[in-house]
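Here the structure comes first, spelled out in structure tokens, and everything after it is commentary.
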Amino acid sequence: MFGKKKDIPQIDKDQLELIQNAQKRIKQKKRLYIHFVVFLIGAVFLIIANTLLGIGEDFKLFDLNWFVYAILIWLFLFVYHLFSVFVTHKFMGKAWEQQQLNKLVAKQQDRIEKLKQELPKDISSEKKEIPHVPKQELTIIVAAAENDAIGKHNKLIWHISDDLKRFKNLTSGHHIIMGRKTFESFPKPLPNRTHVVITRNPNYKVPEGVVVVHTLEDAIKVCANDPQPYVIGGGEIYKQAILIADKIELTRVHESFPADTFFPKIDPSIWKETNSVFHKKDDKNEFDFTFLTYVRA
Ligand SMILES: NC(=O)c1ccc[n+]([C@@H]2O[C@H](COP(=O)([O-])OP(=O)(O)OC[C@H]3O[C@@H](n4cnc5c(N)ncnc54)[C@H](OP(=O)(O)O)[C@@H]3O)[C@@H](O)[C@H]2O)c1
């Protein structure tokens, strides 16, 4: 069972081809020999049939018996067979076939190259200068109650310290886009952020550093160099921004409140929740709440 493995003689591809070729030649010569023997027997039989048995005795052509013609035709076929075995095979053998094949392949390749040159240059293969467009992630940041309430009398409804901290952490160093009313709900501009205020009033006055625009589109243009500008409210601006934003950072306050301003419903067919962190109410946070992140589905 565990005896020495027998050495199997290995034949390479060239050797195998030679053997197959030799076998083929032997077969061809054998067939030629059989043909020759059959021809001889056949010729004798034809002569006997005509001369001894008298078959077609009266049929003569140019004063010659028919068997002469039959033997001559057969002889011609035999000579043709002999020629193809010993002559044609010599210059139309395997090497000749391969040569012809190579010639054909080269011809086809030549034609393909010519066709390629005739075709209009493939513009996709040309090196294109793609301008570097930094990917901007327009993000809505909001705190909303279970009934989507976000404010009343131009004020927030609750005090959740952790939410304010999160707001500060996320928005610091970025542009914050807001409606005129939300801007006016702040005692003063928030530090370390560029305020972009949207108003229809062409004469709206703001402190230095605050940017005034008259459409949401212009607000986004102002933030062109910011990879993550934040839309921070209020209700009117959220309604417009939710249609184009890439992300929503929501603080869901687990309570319902009477209010005059609401956040639009988050459509689950459009928005996919990617993160959720629940927090219990405590001394600094009046209500239970969950930090939720949504991205476009
Ligand atoms: N819970 C939260 O996370 C949160 C966040 C922010 C705000 N809030 C609350 O939301 C409330 C304020 O929201 P709001 O809806 O009343 O006001 P808002 O959205 O802050 O501001 C509305 C104002 O923005 C300007 N505006 C809106 N759309 C515009 C457009 N397409 N083109 C030009 N200007 C446009 C108009 O200013 P003009 O009238 O000057 O033309 C409009 O009166 C407050 O209660 C606030 O406390 C809550």
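For this structure, a couple of remarks:
- Between V295 and I26, the FRET efficiency estimated from the beta carbon spacing at R0 = 45 angstrom works out to 0.05.
- Cβ-Cβ FRET estimate between I244 and Y204, R0 fixed at 41 Å, reported to 0.05: 0.95
- When each of T251, T51 is scored by the number of other beta-carbon atoms lying within 10 Å, the sequence from fewest to most is T51, T251.
- Charge tally around Q228: other residues with Cβ under 10 Å, Lys/Arg +1 each, Asp/Glu -1 each, net -1.
- Cα-based helix-to-principal-axis angle, 94-118 vs the chain, degrees rounded to 10: 30 degrees
- Taking label positions 7 Å along the Cα-Cβ direction at both H153 and L75, the computed distance is 13.3 nm, reported to one decimal.
- C-alpha center-to-center spacing [segment 46-86, segment 139-211] in angstrom: 116 Å
- Mean residue ellipticity (222 nm) of the chain, computed from DSSP H runs ≥ 4 via -39,500 (n - 2.57), nearest 500: -12000 deg cm²/dmol
- Across the cross-link table entries K155/K205; K181/K265; K155/K284; K221/K247; K181/K280, which are compared at the Cα atoms, the separations over 24 Å belong to K181/K280.
- Degrees between helix 13-47 axis and first principal axis of the chain (Cα, 0 to 90, nearest 10): 30 degrees
- Listed by Cβ neighbour count within 10 Å, with the fewest neighbours leading, Y80, Y230 appear as Y80, Y230.
- V211-V68 pseudo-label distance in nm [points 7 Å out on the Cα-to-Cβ vector]: 11.6 nm
- The C-alpha atoms of the chain define a longest principal axis, and helix 66-83 lies at about 50 degrees to it.
Readers should treat all values here as calculations from the given coordinates under stated rules, not as data from a laboratory. Here the structure is a predicted model, which is why all the values come from computation and not from measurement. No Cβ is skipped: glycine too gets one built from the backbone with ideal geometry, and neighbour counts run over all protein chains shown.
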